[in-house]
Amino acid sequence: MPLLPDLWAALQPCIAQHPWLAPVFAGLLVVSYILRGLSVVWGRYQRSQELDQTQQADLVHALQDQRDAAMRDLTIERTAHAATRTRAERAEAALRDHLRREEIK
């Protein structure tokens, strides 16, 4: 990093005149690193929360899709059962009619 040595060379005369500047700059540097670290941690936390919310939303949509599919299957099954019941009732009625005709003969 050529910037830091150049910066240090430029600041040395000022620091020689004001010796309290070195600890202040060091403290500010430490504070800036801490704030940067906190910013990175906060960003990761927010991304993980967004990911969790997205996963939960996907799970809710998947469960709703499963429920809707089950309801469609149930409706189809009910319709098929009703059609089978209707065919069975017609067959029973036809058989009764046939048996009555046989009894009459």
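Quick notes
- Residue among P13, P5 that alone is free of Cβ contacts under 8 Å to residues at least 12 places away in the same chain, exposed (fewer than 10 other Cβ atoms within 10 Å of the Cβ), in a helix (DSSP H, G or I) and under 49 Å from the mean Cα position of the chain (by Cα): P5
- Single unsatisfied condition, V41 versus (1) modelled with pLDDT under 90; (2) surrounded by 10 or more Cβ atoms within 10 Å (Cβ to Cβ): (1)
The values are calculated or read from the model by the stated rules, or taken from the named source; none is laboratory data. Remember, it's a predicted structure, so these values are computed and weren't measured experimentally. Neighbour counts are summed over all protein chains in view; Cβ atoms, including those assigned to glycine, are modelled from backbone coordinates with ideal geometry.
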